[in-house]
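The values are calculated or read from the model by the stated rules, or taken from the named source; none is laboratory data. Note that this is a predicted model, so its numbers are computed, not measured. FYI the Cβ positions are ideal-geometry reconstructions off the backbone, even for glycines, and counts take in every protein chain you see. SASA here: full protein model, heavy atoms, side chains in, ligands and nucleic acids out. Shrake-Rupley method; radii C 1.70, N 1.55, O 1.52, S 1.80 Å.
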Amino acid sequence: MKNMDCLYLEIYSDPILGGKVTVPLQTLISLFILDFVKSPAVELRLIPSAASEKQGFQARLRHPFKVTKLEDAPTCAKNCILPVVEVGADKTCVAGLCAVLRQVVKSTLKEHPGHFSRALLGFREGCLMACAEASTWTRFCEVDIIAATQQTLKVPCFHSPVTFPRDLVRFEHHMSQPLRIHNVRKVRQDHAKVADSELDHCFAEGPSLTLADMIILPCVHMLLSFVDSVYLKEHLPLVRKWLGLMRQQPGVEDALEQVVVRPQSKVLDSMFVQYIVPEVPNQSLYKSDPRRYKSKARTFTRQDELDESLLKVPVAPEYESNPFGFDVSFDWEAVPQEANPQGGQLLESRLERKGQQLENLAKAALKLAQNGDVIVDFCSGAGHLGIILAHFLPRCTVILLENKEESLKRARLRVNKLNLSNVTFYQCNLDYFKGPFDIGVSLHACGVATDLVIQRCIHQGACFVSCPCCYGSVQDNHQLSYPRSSLFQNTTLTLRDYLVIGHSADQTHDEHNHKTNQGKKCMAIIDTDRCTQAKEAGYRVHMSRLVPETCTPKNNLLVGVPKERHFLM
């Protein structure tokens, strides 16, 4: 029997084929797209939840399904926030709404290469590939519009005047922005050859229907369904035009009517309702759009501003003389070729320095590890660090967690060549992983990712071994805020001050530049805040520099150990 990809969705009520079922909004959107694509290549598994039906939305089931209790579900479905796809024979776990729906389309194309759904993946199949922490657009589709829909529709009724959800207005402004797509000039020229009309921003990402439209559609449909009124026409004209165009697309209306059921929310006296449109910056939701509002997170350091910010830092950073694990022996001769950086397709010029970086983190993790431990290599890339640990720790389980599909493919090839049976693969952002683990490692997880790793380790009570990177890209987001520790928060140090220090911390790449030492000081301040946060959570923390320091300009090593954790000294 062929190994089909399995899609695991959460439900709140008992399902009946062809009947109604109460589900989370993420499940409703997944069912809608699954019905639109009509994929025969995906097996649907529904996992009942303990949540109340009152928290959910109604949908109809037309795709064949099986009900699976959570305790009987595979480990990947238990370890991640649903929805989740377990990919066929290789058992890679894909989590996160955008990544899961991309995989549903790709699973369909694997069986039917000419399937119409390929267009949903957009230019070079890159639609919604970036993670929500890095992409304003992915965050809008995966987090913001869903949260706005859930919050709005949980209210049973509304009285006039009604205030539109801010994220609905954000989408209206987004649709008013100039067309921003790859090869926009060529696309305009090709369009002019077949049509007299001007090429405009008719779909969410430009002139063509993509997966982003299909995710947003159920949310907008439900939001507008309860404010349907003759007085609505003057408001949100571009969203209404987009909605009308969407419903004209082949298969959309059928899927929408069969899957999405209008919510119970309603507006009292809807014929006479007044609407309030909240003030929202008129900007694109594309992060690269030059018209996008530049917040204070985009910082260019002025020396006087940095000097003023440094005066507010509450504690002087302190380094240990040797990195944690310095006393652990490490023999590169015992590392097979495929576990060596040479087996990871690295450039020759990077091999020596990459090996030195890996050795520092591997020695720290080897000192902490105990038989039976689960070790997560966060932002693992091609698995350079995790594969080394899996080789030296055959009695431990190593999880390679990475949101880039191609990187995980390279890692899997190396793991297969090494015949390692203790490695599993998770293609997702780290905030969708909720499984238990004992040690979290990360090498040069950029900016916010390092803090998400440390936060996840603290919540799990796990050790962390981290070498941070990209200090200048830290910024408040839907997962965390800065500063991280109470010590730093309870000062006059503002978010702006923190970002100024972080921006200066990235000026460490030129040893002949007079700002390099200042940059290293700022690196130490940001990492001291991180370490202090862990200390406040009951951790023993070690901050040092990699050996040799020249192996990378971002050479701080942070190790946190819960006080109850014992390891060989």
- Query: Would the stretch 248-260 turn up any residue that is at pLDDT below 85, among the hydrophobic types (A, V, I, L, M, F, W, C) and closer than 19 Å to Ala148 by Cβ?
  - Reply: yes
- Task: Mind listing just one residue for me: the one in the stretch 53-105 that is of a type in the set (S, T, N, Q) and open to solvent by less than 50 Å² (accessible area, probe 1.4 Å) and, of those, nearest to Ile215 (Cα to Cα)?
- Result: Gln103
- Query: How many of the residues in the stretch 427-440 are of a type in the set (Phe, Trp, Tyr) and either open to solvent by less than 10 Å² (accessible area, probe 1.4 Å) or more than 13 Å from the chain's Cα centre (by Cα) (or both)?
  - Reply: 2
- Close pairs from the stretch 307-321: first farther than 15 Å from Leu487 by Cα and in contact (Cβ under 8 Å) with a residue 24 or more places away in the chain, partner open to solvent by 70 Å² or more (accessible area, probe 1.4 Å) and not in a loop (DSSP other than H, G, I, E, B), Cβ under 6 Å, at least 6 apart: none
- Message: Just to be sure I understand the filter: pairs with C-beta atoms under 8 Å, separated by 6 or more residues or on different chains, first member in the stretch 402-423 and at positive phi, second member assigned to a loop (DSSP other than H, G, I, E, B) and open to solvent by 20 Å² or more (accessible area, probe 1.4 Å). Which pairs pass?
- Response: none
- Considering each residue of the stretch 410-436, count those that are in a helix (DSSP H, G or I) and touching a strand residue (DSSP E or B) at 6+ places or on another chain (Cβ under 9 Å), and give that number. 5
- Message: Quick check on the stretch 514-545: of everything there that is in contact (Cβ under 8 Å) with a residue 60 or more places away in the chain and not in a helix (DSSP H, G or I), which residue is most open to solvent (accessible area, probe 1.4 Å)?
- Response: Arg545
- Looking only at the stretch 305-337, and only at residues there that are in contact with a His (Cβ under 9 Å, 6 or more places away or on another chain) and assigned to a helix (DSSP H, G or I), the one that is farthest from Leu493 (Cα to Cα): Ala334
- Query: How about the stretch 106-127: which of its residues are of a type outside the set (S, T, N, Q) and open to solvent by less than 10 Å² (accessible area, probe 1.4 Å)?
  - Reply: Leu120, Leu121, Cys127
- Filtered residues of the stretch 493-538 (kept if among the basic types (Lys, Arg), within 20 Å of Asp476 (Cα to Cα) and at pLDDT below 95): Arg496
- If you take the residues in the stretch 377-388 that are assigned to a helix (DSSP H, G or I) and closer than 17 Å to Lys417 by Cβ, which one is most open to solvent (accessible area, probe 1.4 Å)? His384
- Yes or no: Lys66 within 12 Å of Ile47 (Cβ to Cβ) and not in a strand (DSSP E or B)? no
- Task: Keeping to the stretch 543-565, report how many residues are farther than 16 Å from Ser321 by Cα and hydroxyl-bearing (Ser, Thr, Tyr).
- Result: 1
- Query: Any idea which residue in the stretch 186-219 is modelled with the lowest pLDDT, counting only those that are in contact with a Phe, Trp or Tyr (Cβ under 9 Å, 6 or more places away or on another chain) and of a type in the set (Asp, Glu)?
  - Reply: Glu205
- Task: Hey, can you tell me all the residues within the stretch 43-52 that are open to solvent by less than 10 Å² (accessible area, probe 1.4 Å) and either over 24 Å from Cys141 (Cβ atoms) or in contact with a helix residue (DSSP H, G or I) (Cβ under 8 Å, 6 or more places away or on another chain) (or both)?
- Result: Leu44, Ile47
- Return only the number of the condition from (1) modelled with pLDDT under 95; (2) in contact with a Gly (Cβ under 8 Å, 6 or more places away or on another chain); (3) open to solvent by 40 Å² or more (accessible area, probe 1.4 Å) that Glu549 does not satisfy. (2)
- Note on the structure: In the stretch 360-372, residues that are under 28 Å from the mean Cα position of the chain (by Cα) and open to solvent by 10 Å² or more (accessible area, probe 1.4 Å) total 2
- Query: Is there a residue in the stretch 8-21 that is modelled with pLDDT of 85 or more, of a type in the set (Asp, Glu) and open to solvent by 10 Å² or more (accessible area, probe 1.4 Å)?
  - Reply: yes
